[in-house]
Every structure is written in C-alpha cells, then in structure tokens.
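Below is one structure, written out as structure tokens; comments come after it.
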Amino acid sequence: MMNLDEIKKEAAQCKCDDIPSLSSKITELKNKGVSFLGCVAFVQVNQQITLKEARELTVKLDAYNEEEKKRIDEAYQLMLSEFKEEE
C-alpha cells in the first residue's frame, strides 16, 4: 500500500488534465487499496486546489458509486457535527 508521501509524489508527476483522466487515476489508486483520504490528497496535489475543494471533487468522481458516496458524506457530516459540539 502507498503511503502519503508516495501518493503526493505520484500526484505531482501525474498529468490529469481533465475529469475523466482524474477519475480513471483515482479508480486505479482505489483499486490498489488507497483510502478515500489518500485519494483526496492525490487530487489536492494533482489539481493544486484546497483540501476542501479536493474532498468535494474526489467524492464527485466516477471512481465512487452512490453507496460509497453516501457513506463518505455521512462520515463527513458526523465528523462536522462532532467538531461543532466541541466548540
């Protein structure tokens, strides 16, 4: 399995100029066992966008089916609600 530094290095070297090529690359990473957060890190470095933008873009890609997208969003919403409770 790839670590975060390896993911970021590959992201910096990879040319994903459009959404289909980015989606294909994320599918490849996902099939190699890279977690959702690892894929977000790849998208952030590859597309040179913020972490928030990368998370939003990654979850929209075809690499994730509707059930996975729902699970990812539920986990994100739970994390946000717990964070707000601590404030």
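We did not get these values from a lab; they are worked out from the coordinates using the rules stated. Every value quoted in this text rests on a predicted model; they were computed, and no experiment measured them. Neighbour counts are summed over all protein chains in view; Cβ atoms, including those assigned to glycine, are modelled from backbone coordinates with ideal geometry.
The sole residue among Lys9, Lys30, Lys70, Lys25 that is in a helix (DSSP H, G or I) and either touching a residue at least 24 places away in the same chain (Cβ under 8 Å) or among the β-branched types (Val, Ile, Thr) (or both) is Lys30. For the stretch 33-62, the tally of residues that are small (Gly, Ala, Ser) and either touching a helix residue (DSSP H, G or I) at 6+ places or on another chain (Cβ under 6 Å) or part of a helix (DSSP H, G or I) (or both) stands at 3.
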